[in-house]
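Novice: Mind having a look at this structure? Questions to follow.
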Amino acid sequence: VDYAFQELDMLPNGFSVPEGREKPWGTGHAVLCCKNYVNQPFAAINADDFYGPSAYRQINACLAKQTGEYCMVGFRLKNTLTDDGTVARGLCETNANNHLTNITEITNIIDCSYENAEGKKILLPPDSVVSMNMWGFNTDLFDYLEEGFNKFLSEKINVPKAEYFLPFQIDELIKKGEKNVEVLVAEDK
C-alpha cells in the first residue's frame, strides 16, 4: 500500500501557494497527486460515499479490458437518495453506444426532485442514471490533468476557494472528442 497526500504546495514549476490559501485544490488535483504511485488502469472514488459490491465488480471488469478508454459507474437516482436531507448528483446523458455525453450537476435533490433557479419544482425520473464520482481511468489521464491544472492555476490561482474538479476535466476531454467514457450502471443502493 502506498499513500499519496494532497498538499497545497504540490504545484507545477512556476506556481506557488498564494497567501491565505487554505482550501485544497480540488478532486482533479487530488488524483494528480497519485501520479508517481499509479502505473496501470485505476479507479478513483469519493472517500465519503458507499458504492456497493456490484459497482466495484463492474469497474474492475471494465478496467481489466485495458481498452484505453475511460469508464464511469452510474447509479439509479432512487437508489442514491437519503432520508437525512438533500443530495447533489450529476445527471448523466449518454449516446447510443452508452458513452457519456454530458453530466449536469444538480444540488439539493430530495425525493427525486429539486428546485431550479426560478424556484420551480423539477421532477427527475427515479431511474435516471446519476454520477457519484466512481471513475475508471488509464494512466494517460495524468497528462491531461497536468495540462488542465496548469491552465486552471493560470486563471484562478488567486481565487481563494477555486477548485480544479475532476469531472470538469473529463467533460472537457469528452467535448473535445479526445476520450470516450463508457457508462456502466450499478443497481446498488
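Please treat every number below as a calculation from the coordinates, not as lab data. The structure presented is a predicted model; accordingly, all values stated were derived computationally and were not measured. A quick note on method: Cβ atoms are made from the backbone with ideal geometry, for glycine too, and the neighbour counts reach across all protein chains shown.
Novice: Of all GluC sites (Glu not before Pro) in region 1-108, which ones are in loop regions per DSSP and have a Cβ with at most 16 other Cβ atoms within 10 Å?
Specialist: Passing sites in region 1-108 are Glu7, Glu19, Glu22, Glu69.
Novice: Once the Cα gyration tensor of region 98-162 is found, what semi-axes does its equivalent ellipsoid get, as square roots of 5 times the eigenvalues, in whole Å, sorted largest first?
Specialist: 31, 20, 9
Novice: Relative to the longest principal Cα axis of the chain, at what angle does helix 166-175 sit, 0 to 90 degrees, rounded to 10?
Specialist: 80 degrees
Novice: Taking a quarter of the surface of the Cα convex hull of region 1-123, what do you get in nm²?
Specialist: 11.8 nm²
Novice: Hey, what did the chain get for relative contact order, percent, Cα under 8 Å, at least 6 apart?
Specialist: Contact order relative to length: 35 percent.
Novice: Among Thr27, Ile170, Val17, whose Cα lies farthest out toward the positive end of the dipole of the chain, if unit charges sit on the beta carbon of Lys, Arg (+1) and Asp, Glu (-1)?
Specialist: The one lying farthest along the dipole's positive direction is Ile170.
Novice: Rank Ile174, Ile110, Ile122 by mean-square fluctuation in a GNM of the chain with C-alpha springs under 10 angstrom and give only the top-ranked residue.
Specialist: The residue with the greatest mean-square fluctuation here is Ile122.
Novice: Right, next: Relative to the compact-globule scaling 2.2 N^0.38 Å, provide the ratio for the alpha-carbon radius of gyration of region 5-57.
Specialist: 1.45
Novice: Mind checking the dipole of the chain: about its Cα centre, +1 per Lys or Arg Cβ, -1 per Asp or Glu Cβ, Debye to the nearest 20?
Specialist: Charge dipole of the chain: 280 debye, to the nearest 20.
Novice: Divide by every residue of the chain the summed helix terms, -39500 (n - 2.57) for each DSSP H run of at least 4, and state the resulting mean residue ellipticity at 222 nm, rounded to the nearest 500 deg cm²/dmol.
Specialist: Using -39500 (n - 2.57) per qualifying helix, the result is -7000 deg cm²/dmol.
Novice: Pairing rule first: another cysteine's C-beta must sit under 4.7 Å. Under that rule, which cysteines of the chain stay single?
Specialist: Cys33, Cys34, Cys92, Cys112 - these cysteines have no disulfide-compatible partner (Cβ-Cβ under 4.7 Å) in the chain.
Novice: Within region 1-54, list the chymotrypsin sites (Phe, Trp or Tyr not before Pro) lying in a DSSP loop whose Cβ has at most 11 other Cβ atoms in a 10 Å radius.
Specialist: Tyr3, Phe5, Phe50
Novice: Quick one: grab the alpha carbon gyration tensor of region 53-189, order the square roots of its eigenvalues as a ≥ b ≥ c, and give me rounded if a/c is under 1.5, else prolate or oblate depending on whether a/b is larger than b/c.
Specialist: It is oblate, given that a/c is not under 1.5 and a/b is not larger than b/c.
Novice: Something else: Given the pairs Lys35/Lys121; Lys78/Lys156; Lys121/Lys179; Lys65/Lys156; Lys65/Lys175, which span a C-alpha to C-alpha distance of over 31 angstrom in this model?
Specialist: Beyond 31 Å: Lys35/Lys121; Lys78/Lys156; Lys121/Lys179; Lys65/Lys156.
Novice: How many angstrom lie between the Cα centre of region 1-74 and the Cα centre of region 102-132?
Specialist: 26 Å
Novice: What's the magnitude of the charge dipole for region 16-87 around its Cα centre, counting Lys and Arg as +1 and Asp and Glu as -1 at the beta-carbon? Answer in Debye, nearest 20.
Specialist: In total the dipole reaches around 340 debye.
Novice: In nm, to one decimal, how far is the modelled label at Gln66 from the one at Glu155, with both set 7 Å along Cα→Cβ?
Specialist: 3.5 nm
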